[in-house]
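Student: Below you'll find the structure I mean.
The values are calculated or read from the model by the stated rules, or taken from the named source; none is laboratory data. Predicted, not measured: the structure shown is a model, and the values here were computed from it. Every residue, glycine among them, receives a Cβ derived from its backbone with ideal geometry; neighbour counts consider all protein chains shown. Accessible surface areas use protein heavy atoms only, side chains included; no ligands, DNA or RNA. Shrake-Rupley method; radii C 1.70, N 1.55, O 1.52, S 1.80 Å.
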Amino acid sequence: MTEQTQTETPVPAREAAEPASEPGAAPESQAAPELPPEVASAEPKKSRKPLLRGIARWTAAVLVCGAVGTGTALGITAMERTDVPGLATESDGRWEYPKLALPALPEGALRPFTDGNEGEIHHADLRKLLLPAPAGATVDPKLDGGWVGLDSYLALMKEKDRGEVKQELADSALRHVAARGWTMPDGTTTRIHLLRFSSVAFSEAYKDESVREVSAQLRRLPDGVESAEIDLEAQGADVPYVSVYAYQEQPPYGAEQTRWAYVQAGDTLAVVTQTRKGGALAVPFRQTVTLQAQLLG
């Protein structure tokens, strides 16, 4: 993705952000639920931006860090349709997504990873940072791009892991969850959950723990999944300041195969999950992960 110098000029938005009483706030009539309430008094932690500038490396012999850049990611608003992954042709299996644009910011707010936003906070409406559904998709009415409860995210994983994860998220000062899901004509089901924390430190710590559990313990796997291997191609999404950890279910698997990824950018973590009968296809999964990473970067 082309790197460009960030300015304070508002980025043209496909849909203007809704007015907010403070940077990043949702309209009063559609206020984002605070999740969970007991963490409201949790003390925000110091930004850990220096860690995001490190060279990607293997950890615990099985972890591979996603590419971490040093610039800003505004090229998505200026690229021609053929320059954005997945928006050129369909012959290689990519889906046809709408042309993407970063949402407008509240007046005076800065984008993450810019000077003056040391906390790496996404001030844009979290719902507008969700990747839109591609052409031909049937949108899940329960995951239509709005706010969802924590249970919607917990439902992605095995029941035996949900209690532990719920407590960890309470301890991690989770603020909001927004989600979108859809099914394609070939049966591929996609679910994207954006989790916004009160600081980059909480977001990064939760991502690290999730990756560690999957890679070292084969725990916190998606519901119905018993094995995992790293998807290096999807994990190599080159988006500045964004870390991507991607996995695929190893064969032999049941009637369906699942691919999933953690995309961490500042105070926000995206969890992308794709499932398809007979096998989840690599190309649309990697395309979807890359585009969601670009929107968060």
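Student: Can you tell me which condition residue 254 does not meet? The list is (1) at pLDDT 95 or above; (2) out of contact with any Asp or Glu (no Cβ under 7 Å at 6 or more places or on another chain), and all the others hold.
Tutor: Result: residue 254 passes all but (1).
Student: For the range 99-124, which positions are open to solvent by 10 Å² or more (accessible area, probe 1.4 Å), of a type in the set (D, E, K, R) and touching a Pro at 6+ places or on another chain (Cβ under 9 Å)?
Tutor: Hit for the range 99-124 is 107, nothing else.
Student: Another one. Considering only residues that are in contact with a strand residue (DSSP E or B) (Cβ under 9 Å, 6 or more places away or on another chain), open to solvent by 50 Å² or more (accessible area, probe 1.4 Å) and outside any strand (DSSP E or B), which ones fall in the range 166-177?
Tutor: Across the range 166-177, there are no qualifying residues.
Student: Residue pairs, Cβ under 8 Å, 6 or more apart or interchain, first in the range 94-112 and farther than 16 Å from residue 292 by Cβ, second surrounded by 20 or more Cβ atoms within 10 Å (Cβ to Cβ) and acidic (Asp, Glu). List them.
Tutor: Nothing qualifies.
Student: While we're looking at this one, here's another question. Please go through the range 122-133 and give me each residue that is outside any helix (DSSP H, G or I) and either closer than 18 Å to residue 203 by Cβ or in contact with a helix residue (DSSP H, G or I) (Cβ under 6 Å, 6 or more places away or on another chain) (or both), ordered by number.
Tutor: Step one: filter the range 122-133 for residues outside any helix (DSSP H, G or I), giving 122-125, 130-133.
Those that are outside any helix (DSSP H, G or I) and either closer than 18 Å to residue 203 by Cβ or in contact with a helix residue (DSSP H, G or I) (Cβ under 6 Å, 6 or more places away or on another chain) (or both): 122, 123, 124, 125, 130, 131.
Student: Can you tell me which residue in the range 92-130 is nearest to residue 281 (Cα to Cα), limited to those that are hydrophobic (A, V, I, L, M, F, W, C) and under 15 Å from the mean Cα position of the chain (by Cα)? Break it down into steps so the answer makes sense when it comes.
Tutor: Quick first cut of the range 92-130, residues hydrophobic (A, V, I, L, M, F, W, C) only: 95, 100-102, 104-105, 109-110, 113, 121, 124, 126, 129-130.
Those left that are additionally under 15 Å from the mean Cα position of the chain (by Cα): 102, 121, 124, 126, 129-130.
Details: 102: 27, 121: 33, 124: 31, 126: 28, 129: 24, 130: 21 Å.
This residue is 130.
Student: Now for a separate question. Check 265, 237, 293 and return the single one that is under 27 Å from residue 118 (Cβ atoms), among the aliphatic types (A, V, I, L, M) and modelled with pLDDT under 95. Please lay out each step first, then the result.
Tutor: Values: 265 fails: modelled with pLDDT under 95; 293 fails: modelled with pLDDT under 95.
Answer to the check: 237.
Student: Residues of the range 231-257 being over 17 Å from the mean Cα position of the chain (by Cα) and open to solvent by less than 40 Å² (accessible area, probe 1.4 Å), which ones?
Tutor: Scanning the range 231-257 gives 249, 257.
Student: Which of (1) of a type outside the set (A, V, I, L, M); (2) within 30 Å of residue 117 (Cα to Cα); (3) in contact (Cβ under 8 Å) with a residue 40 or more places away in the chain does residue 182 not meet, given it meets every other one?
Tutor: Status for residue 182: all satisfied but (2).
Student: Any idea which of 187, 136, 163 is at positive phi, small (Gly, Ala, Ser) and either open to solvent by 40 Å² or more (accessible area, probe 1.4 Å) or within 14 Å of the chain's Cα centre (by Cα) (or both)?
Tutor: Of 187, 136, 163, the one residue that is at positive phi, small (Gly, Ala, Ser) and either open to solvent by 40 Å² or more (accessible area, probe 1.4 Å) or within 14 Å of the chain's Cα centre (by Cα) (or both) is 136.
Student: Could you tell me whether residue 282 is of a type in the set (Gly, Ala, Ser) and farther than 20 Å from residue 220 by Cα? Break it down stepwise before answering.
Tutor: On the way: of a type in the set (Gly, Ala, Ser): yes; farther than 20 Å from residue 220 by Cα: yes.
In short, yes.
Student: Now, a different point. May I ask you to say which residue of 108, 136, 163, 146 is part of a loop (DSSP other than H, G, I, E, B) and modelled with pLDDT of 95 or more? Spell out the reasoning first.
Tutor: Working: 108 fails: modelled with pLDDT of 95 or more; 163 fails: part of a loop (DSSP other than H, G, I, E, B); 146 fails: part of a loop (DSSP other than H, G, I, E, B).
Just one listed residue meets the conditions, 136.
Student: What about residue 289, is it surrounded by 24 or more Cβ atoms within 10 Å (Cβ to Cβ), at negative phi and in contact (Cβ under 8 Å) with a residue 60 or more places away in the chain? Spell out how you get there, then give the answer.
Tutor: Details: surrounded by 24 or more Cβ atoms within 10 Å (Cβ to Cβ): yes; at negative phi: yes; in contact (Cβ under 8 Å) with a residue 60 or more places away in the chain: no.
No: the conditions fail for residue 289.
Student: Determine the pairs where a residue that is free of Cβ contacts under 8 Å to residues at least 12 places away in the same chain, located within the range 198-221, has a partner that is not polar (S, T, N, Q) with Cβ atoms under 9 Å apart, the partner being 6 or more residues away or on another chain.
Tutor: 213/161; 213/219; 213/220; 213/221; 218/226; 218/228
Student: Can I ask one more? When the range 205-219 is examined, which residues are found to be under 27 Å from residue 283 (Cα atoms) and open to solvent by less than 10 Å² (accessible area, probe 1.4 Å)?
Tutor: 207, 210, 211, 214
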